[in-house]
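Here the structure is laid out as structure tokens; the discussion comes afterwards.
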Amino acid sequence: MSNLVVTIPANPPDRLDKALALAVPEAAALSRSRLARLIADGAVSGPDGVVRDGKTRVVQGQDYRIHIPDPEPVETRPEAIPLVIAYEDADLIVIDKPAGMVVHPAPGSPNGTLVNALLAHCGDTLSGIGGEKRPGIVHRIDKDTSGLLVVAKSDRAHHGLAAQFEAHTAQRRYLALAHGVIDGADARLRGTPGIGFEDGAVLKITTRLTRHATDRQRQAVYFDKGRHAVTRARMLERFGTPPVAMLVECRLETGRTHQIRVHMAHAGLGLIGDPVYGGARRASAKALGAAAEAVGAFPRQALHAAHLGFDHPVTGQPLSFDSPLPPDMQALLDALRAAT
């Protein structure tokens, strides 16, 4: 356990929890919600002893002692699962996740997740997230999507990274293989709600996303409810005679659940292999020849988190990482190129 003494500054908010959130040093990485829990747990003492009510009025110049307990171990078991590590330091780790790995334990997948692997790999280097000895998951990628994601190892890194993702300043670019092609002259595409074009033949998809009305495992496009979501897509290559498939780069402005998959399907450009949003679309053997069989047999959504960039949340240093296509997507891309 460690102790931190905080002096209430001039013109403080009238509530203790708000005043402490304003006054604690940034290096302490104590969020207002964490401070509220500490107050409720009797871990904060003031001039008159222990304080348990975050609404307690405060006065400039008063000293409060915060008793910060050691991080508690979590119930999730460490598992010695091999990881591909793009970068690691005392505050964060960047992982190149394989397809098939779930990021966070859930009732249907309590073991074999990235969190299980990180608990084993990081061990005692985890300094605690929100009072628990666990990795801080800032963003996720789907089980069957491969590629890069960053995980915090300390509270201060978790707060700094979360702020960047919330402000949409972190850069995320994905590579995908999709049915159809982006064509600015396509009247159907231009007539689809939420679809627009930007310079450089970039397709911009702007909608709201929330859970599907009848299928709770899916996300759906809406315009009157849900969370704001923006995806930009740029076609890099097209395949087939006539063109019926493409390699596309997708850039996330926001990061909603299944966002790229839902948005591309909304545009009529569903990802190859997507079992949820790809629909029953079949590859044309006439247009793709032998590659049509490879497209039809691809076992997952052909989506890879290829680029991740952000500022280090502690040092401020710009960091940038790139990941090549995994072997299964590269093989499918080679087959499509050979057929064109």
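The numbers here are math on the coordinates, done by the rules we state, and not lab data. Since the structure is predicted, the reported quantities are computational estimates derived from the model, not experimental observations. Backbone-built Cβ (ideal geometry, glycine too); neighbour counts: all protein chains shown.
Figures for the structure shown
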quantity: Per-residue Cβ neighbour rank within 10 angstrom, fewest leading, ASP322, ASP142; calculated: ASP322, ASP142
quantity: Percent of alpha-carbon pairs separated by more than 19 Å within the stretch 227-288; calculated: 34 percent
quantity: Lys pairs, the chain - Cα-Cα below 18 angstrom, 8 or more residues apart or on other chains; calculated: 4
quantity: Helical mean residue ellipticity (222 nm; -39500 (n - 2.57) per DSSP H run of 4+; nearest 500) of the chain; calculated: -6000 deg cm²/dmol
quantity: Cα convex hull of the stretch 172-339 - mean projected area over all directions, nm²; calculated: 11.2 nm²
quantity: Translational D in µm²/s for the stretch 2-68 (Stokes-Einstein at 37 °C, 0.692 mPa s, Kirkwood Rh from C-alpha pairs); calculated: 288 µm²/s
quantity: Order by protection proxy (mean Cβ within 10 Å, highest first), peptides 237-243, 308-314, 183-189; calculated: 308-314, 237-243, 183-189
quantity: Counting DSSP beta bridges with both ends in the stretch 84-167, the antiparallel % (nearest 5); calculated: 95 percent
quantity: Top positive-direction residue, dipole computed over the chain with Cβ charges, set GLY61, VAL115, PRO82; calculated: VAL115
quantity: Cα-derived Rg to Rh of the stretch 84-167, Kirkwood definition; calculated: 0.94
quantity: Rounded to the nearest 20 debye, dipole of the chain from Cβ charges on Lys, Arg, Asp, Glu; calculated: 1180 debye
quantity: Phi to ³J(HN,Hα) by Karplus 6.51 cos²θ - 1.76 cosθ + 1.60 over the stretch 206-211, Hz, x for Gly, Pro; calculated: 10, 8, 10, 10, 7, 4
quantity: Dipole magnitude of the stretch 2-68, debye to nearest 20 (Cβ charges: Lys/Arg +1, Asp/Glu -1, about Cα centre); calculated: 180 debye
quantity: All Cα pairs of the chain, percent lying beyond 24 Å; calculated: 63 percent
quantity: Fewest-first ranking of ILE39, ILE260, using other Cβ atoms within 10 Å as the exposure measure; calculated: ILE39, ILE260
quantity: Relative exposure of THR207, THR214, THR231, judged by other C-beta atoms within 10 Å (fewest first); calculated: THR214, THR207, THR231
quantity: Residue with peak Gaussian network fluctuation, the chain [Cα springs, cutoff 10 Å], from LEU161, LEU16, LEU148; calculated: LEU16
quantity: Whole-Hz ³J(HN,Hα) from phi, Karplus 6.51 cos²θ - 1.76 cosθ + 1.60, for the stretch 233-241, glycine and proline x; calculated: 10, 10, 6, 9, 8, 10, 9, x, 10
quantity: Cβ-based charge dipole, the chain, positive-most Cα from GLY268, ALA157, ALA331; calculated: GLY268
